[in-house]
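The values are calculated or read from the model by the stated rules, or taken from the named source; none is laboratory data. The model shown is predicted, which means the values in this text are computed figures rather than measured ones. Cβ atoms come from the backbone with ideal geometry, glycine included; neighbour counts cover every protein chain shown.
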C-alpha cells in the first residue's frame, strides 16, 4: 500500500537529529534527498514533555498533508543507546537519567524506529551520503555544543559492547582540566567544541594583555560564528583561541589514530564552519604526534553536509535498520 | 597428502611470536595444544640475518624429525603489517625500516604465511583460545618491553585502513614526557611496560628520600620480576612504582573505553605477572575516569596464557587465514 503513487526513488523515511541546541526533523529519500524539514530549539534544559509536544506538532502537520508515508523512523540523539532505546544520562540535557526516546516517539508516529547516538548517526550519514562514501575506516567529529564522534570500521558503525562506543568527546586532555557537564574533569569536549572555544576565549580575555573585540560579548551571547569572524578580522584573542583549540584537538586525534588507523577524520558542526582557521592547527598538531606508521596517511576533511542535512545520518540509520541499501 | 596418519585434532600450524626480547616458535593444533616449542633471544639490536639463522636452525631440526606437516605459518611481530608482509620501522629493533619478514620466513619453510602485529596476534589468541572466548568486544594490552595492544570489535580483529590499528602504546600521556624509541615523547609505553616501570623506579630512586632494595640494581639488571618481588616485600619505591604505573595505565584505558566501549581489557606480558599489585591501581584509576555510560561495565582481566603460549596468537591468525574455525 505504501508504494502506491510513488516510484522507487520516492521511498522515504522520517529522520530526527536531536542536538543539544537544535532538533531537526526531515523526510529523506533513499538517495538522500531531503523532501521537507523542520527545525526548532531542543529545549534540553526544559521538560522532556515540552520536547515531545514540539515533535508532535511537526508530525501532526506532516501527517495532515497526507503526502508522506515514511517506511521507518531514524533517530540520532546524544547518549542514545540502540540496545535500550533510551538516552542514558545525557550530560547537556535535563530530561532525567533514562529518557525513553524511542518508545515516546513511536507513540507520536507508529513506525519501525531505529535509534543511535547522534554522532554515530552522523558517521552513517557520511558513510552513505557524504565525504565517507567509498571509505571503510574513518572517524567523524561533530564540534557543536559538545564534541560528538562516530567510528566507521571495516565499513560499518563500531557500536561496542553496550552500543555506546565513540565517546571521544570524553577522553582526557588534562587530569585536572576544565569541568565537564558529564561530571569528569578535562574532557576533550570542554576544549574542542563551540562551548570549549568560548571558554578558551574567556580564559584569554581574563588573562588580559591584548585588546579583543570579543570582550564586548557575554558568555551566553558569544557564539562560534562571532569568534570565527573575529579571527578572520585578525583579532588576536580569537586567533589564539583557534590555535589552542586546534592544537589540543590535533593531539587527541593522533591518539584516536593510534587506536583505529583511520583513513580520515571528517569534521562537522558549528566550529567546523571556521574551516582552515581550525583545520590548519589541527593538521599540524595531529601530524606532530602521529605514530610513525600513520604519518602523512590520515586525512582531515570537512563534512560537506550543511547544518540542515544533519537528518541524513538518522535517515541512513533507518535505511540500514530496514536492511535497504542506499544507492 | 598432509592428512596421512593424522586425525582431525592433530592438524597443526607453525606459529612464531617475535617479541622485543624473546622469539617463541611452536607447533599448534586447532584446539590450541602446543605440540612443541622453541624459545631464543630475538636479537633485536643485532642483524636480521642473525635472527633468520636462529629461526632456520629450529625449522631444520623440526623438519628433520619428520613428524610435522604444518598447514600454514602464523607470524606475530612488532609493527608488522599484513598488507605489506613487512615490519615497518619497529621502534625497538635495529633490523632496518622495512623488514621483509613474511617473504624471508617463507624461504625457510615454504608454507602459506599470515603476518600481523604481535599484539594483534595476541588478541586473536585470547579470542579463540583465551579469556576472550565468547566476547565480541575487548582490548588486549601486552605489557612487555613495550606496550602492545590488539582490538577485537564485533568479534573480529580491528585492523584499520592500513592494517596498523591498535598502537595504544603510542598514545600520549604527557606532551613533553619520556622519550620513546618511536621518536615521540610521552608515549604510554614509556610508562606502562616493563621498561616503563624500570624508568619509574630509577626516577624514584633519583628523587631520593626513601631506602629501597632496588638501588642495588643497574638499569640493565633490573627486571619486572625483581620489582614485583620488592613490592610484595613492602619496598616503598617498588610499591610507588606500581601505583604510578597503574594510575597512568588506568587513566588511558578510560580513554580507550571512550573509543571502543569494550566489555573487557585483557592484560598480559611480563608486567602482568605482578597481578593485583598492578591491577588494583589500574581498576581504581580507570573507574575514576570512565565516562558515565561505561562505569562498572568494563572488566580488567589477566590473560591466562602462560608466556610460552604466546604462540597461540599467531596460531589463531594462521587458522583464521586458512578459513578454518577453531573448535
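Looking only at residues of region A:166-187 that are closer than 15 Å to residue A:92 by Cα and part of a helix (DSSP H, G or I), we find that the one that is nearest to the chain's Cα centre (by Cα) is A:169.
Once region A:132-161 is narrowed to residues that are in a loop (DSSP other than H, G, I, E, B) and more than 21 Å from residue B:165 (Cβ to Cβ), the residue that is modelled with the highest pLDDT is A:133. Criterion first (touching a strand residue (DSSP E or B) at 6+ places or on another chain (Cβ under 8 Å) and closer than 15 Å to residue B:315 by Cβ) does residue B:116 satisfy it? So residue B:116 fits the description; yes. Of all residues in region B:188-226, those satisfying the criterion of being outside any helix (DSSP H, G or I) and in contact (Cβ under 8 Å) with a residue 40 or more places away in the chain are B:191, B:192, B:193, B:223. The set of residues in region B:91-131 that are more than 15 Å from residue B:74 (Cα to Cα), touching a residue at least 40 places away in the same chain (Cβ under 8 Å) and in a loop (DSSP other than H, G, I, E, B) comprises B:91, B:92, B:93, B:94, B:95, B:96, B:130, B:131. Would you check which residues across region A:67-88 are assigned to a strand (DSSP E or B) and within 13 Å of another protein chain (Cβ to nearest Cβ) and list them? Hits for region A:67-88 are A:80, A:87, A:88. From the list A:204, A:184, A:188, the lone residue that is under 29 Å from residue B:249 (Cα atoms) and either away from chain B (no Cβ under 14 Å) or touching a strand residue (DSSP E or B) at 6+ places or on another chain (Cβ under 7 Å) (or both) is A:188. Scanning region A:45-70 for residues that are free of Cβ contacts under 8 Å to residues at least 12 places away in the same chain and within 17 Å of residue A:94 (Cβ to Cβ) yields A:49, A:50, A:53. Reported count of residues in region B:151-160, each being at positive phi and either at the interface with chain A (Cβ under 7 Å from one of its Cβ atoms) or in contact with a helix residue (DSSP H, G or I) (Cβ under 6 Å, 6 or more places away or on another chain) (or both), is 1. Of all the numbered requirements in (1) within 30 Å of residue B:156 (Cβ to Cβ); (2) modelled with pLDDT of 95 or more; (3) crowded, with 24+ Cβ neighbours inside 10 Å, residue A:254 misses one, and that requirement is (3). The combined condition, being at pLDDT 95 or above, buried (at least 17 other Cβ atoms within 10 Å of the Cβ) and at negative phi, is not fulfilled by residue B:216. So, residue A:163, is that one away from every other protein chain (no Cβ under 11 Å) and closer than 26 Å to residue A:191 by Cα or not? No; evaluated as a whole, the condition is false for this residue. Evaluating residue A:224 against the criteria (1) over 20 Å from the mean Cα position of the chain (by Cα); (2) more than 14 Å from chain B (Cβ to nearest Cβ) leaves one unmet condition, (1).
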